[in-house]
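Accompanying notes for the structure given below.
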Amino acid sequence: MKRATIIGGAFVIVLGLAIAGYLAIKRNVAPDTPASTSSPETAAGGAHPSFLYGRITLADGATYEGRLRFGQHQEAFWGDYLNGFKQQNPWAAHVPSELLRKEPRPIKIFGITIAKREEQIDLVRPFMARFGDITRIELLGRNVRVTLKSGTVFDADWYSSNDLDDGVRVWDGSRGVLDFGARRIRTIDLLPAATAGAVPQRLHGTVRTGQGDFTGFIQWNRNMGVSTDELSGRTANKNLRLRFDTLRSIARHSSDSCLVTLLDGREIVLSGTREVGHDNLGIYVDDGRYGRVLISWDAFERLDFSPGGSGPAYGDFPAGHPLTGSVTTRDGRRLVGRLVYDLDESETTETLDAPSQGVNYTILFGLIASIELPGREERGTQRAKVTLHSGEELQLEPSGDLGAGNGGMLIFVDGSERAEYVLWADVERLDFQRPPLMYPPQGGRQITGAPVPEKKK
């Protein structure tokens, strides 16, 4: 083995240890660090029903209650998502191991493949839940335990739950604004805010793309969602930081710059930062038709800001319900009962994640009426038709939850405790029952339930 290879491997190990050490320090920030009082957001510290609110209990038993913002400048609203990876997949136990798809896995040493073997597909799945669907977050050593309003409990790996990396900011009514390192926190109980104080406005507007327009609450670069957040960039001769409440619009100017129009009509071209160029992480839009979409920089054309109100409160998010409906197979069988999609999603508040031309849809299963899949031969190239209960149809690419890595379907027919398993390649169509309530409601009203279709004789 070459000496350079050995040195390179050692460097990677040392670098990994250094990063791990940095993260450990970062997660153990002192529990009562005062937040900067120079930020406009900290000055507007009242609670409000549309902003995250809860009670933080520290490892030493001390409690703090008030408005919350994760990572200090990131998740702030009930429709924002807590992300991670589930530690286990309990649904895999319902599938005979010989039926699970295998895939080749190379065995490598210092980047060189020395052997190959077949292994069962990875059944560890991402965890995503809106804060409005969560009642409690517990930090238990290496685990993050999340309890949903439905009573379902998930254990996520600590190191995959990066929404907690930078800790949590709390606007405590008696102690002021404080930042807590995540390792100091024992529990976060999410609660409805009882009062409506002074808070920053939410960003709202319409994003225009080649796919169409998307309107709703906005998070620029995935995390800037309030009016006091700032857009940074460089003009021809200086650096600028512009508060979002001074902006009328942002338009794509080039692959690495934006044309920003201020409320007073002035136009400024900004470049030089990841926020205003091709390194932008994307623009979230809480579009009520789907739940949420993520618009990539390549698909983005223009954002026009507009008033949007305060947004949903904690009580607007009803508890999720088990997924129910039917699976039609390619050989003509139709199985009806409780469903588990991709050996993972089992509740109406979980999401179907799939792209279409640079727009990544995160669609709540409770909003989906049916999914029609292309034939087996076209599965890797043709789009799937996803029909919503509103009647809208989407043509989504065979990727994400609609891709070849889908783990297949479980169907608990007639309430049986023993599940039928259908390979993804054998699924032709899925039909879902409407849940009794959902947020967002479609057509400006709460969705009402409909009967599950009868099993085909």
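The values are calculated or read from the model by the stated rules, or taken from the named source; none is laboratory data. Note that the coordinates shown come from a computational prediction; the quantities given were computed from them, not determined experimentally. Note that we place each Cβ from the backbone using ideal geometry, even for glycine, and neighbour counts take in every protein chain shown. Side chains are part of the model used for accessible areas, which takes the heavy atoms of the whole protein and leaves out ligands, DNA and RNA. Shrake-Rupley method; radii C 1.70, N 1.55, O 1.52, S 1.80 Å.
Yes/no per residue for (1) of a type in the set (D, E); (2) in contact with a Leu (Cβ under 7 Å, 6 or more places away or on another chain); (3) without any contact (Cβ under 8 Å) to a residue 24 or more places away in the chain:
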| position | (1), (2), (3) |
| --- | --- |
| D344 | yes, no, no |
| I368 | no, yes, no |
| H389 | no, yes, no |
| L394 | no, no, no |
| V413 | no, yes, no |
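Identify all residues within the range 164-223 that are closer than 18 Å to R67 by Cα, at pLDDT below 90 and charged (D, E, K, R); write none if there are none.
Across the range 164-223, the qualifying residue is only D166.
What number goes with the only condition from (1) assigned to a strand (DSSP E or B); (2) in contact (Cβ under 8 Å) with a residue 40 or more places away in the chain; (3) of a type outside the set (A, V, I, L, M, F, W, C) that R222 does not pass?
Among (1) assigned to a strand (DSSP E or B); (2) in contact (Cβ under 8 Å) with a residue 40 or more places away in the chain; (3) of a type outside the set (A, V, I, L, M, F, W, C), the lone unmet condition for R222 is (1).
Quick check on the range 224-269: of everything there that is acidic (D, E) and surrounded by 14 or more Cβ atoms within 10 Å (Cβ to Cβ), which residue is nearest to F77 (Cα to Cα)?
Selected residue: D229.
Can you pull out the residues in the range 111-137 that are modelled with pLDDT under 95 and more than 24 Å from A354 (Cα to Cα)?
G111, I112, T113, I114, A115, K116, R117, E118, E119
For every residue, the table says whether it meets (1) assigned to a loop (DSSP other than H, G, I, E, B); (2) among the basic types (K, R); (3) buried (at least 20 other Cβ atoms within 10 Å of the Cβ).
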{"position": "D166", "(1), (2), (3)": "yes, no, no"}
{"position": "R169", "(1), (2), (3)": "no, yes, yes"}
{"position": "V177", "(1), (2), (3)": "no, no, yes"}
{"position": "R186", "(1), (2), (3)": "no, yes, no"}
{"position": "D189", "(1), (2), (3)": "no, no, no"}
{"position": "A194", "(1), (2), (3)": "yes, no, no"}
{"position": "G197", "(1), (2), (3)": "yes, no, no"}
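For every residue, the table says whether it meets (1) under 30 Å from N223 (Cα atoms); (2) of a type in the set (K, R); (3) open to solvent by 20 Å² or more (accessible area, probe 1.4 Å); (4) modelled with pLDDT of 95 or more.
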| residue | (1), (2), (3), (4) |
| --- | --- |
| G277 | yes, no, no, no |
| N280 | yes, no, no, yes |
| V285 | yes, no, no, yes |
| E301 | yes, no, yes, yes |
| L339 | no, no, no, yes |
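G332 passes all but one of (1) farther than 21 Å from T152 by Cα; (2) touching a residue at least 12 places away in the same chain (Cβ under 8 Å); which number fails?
(2)
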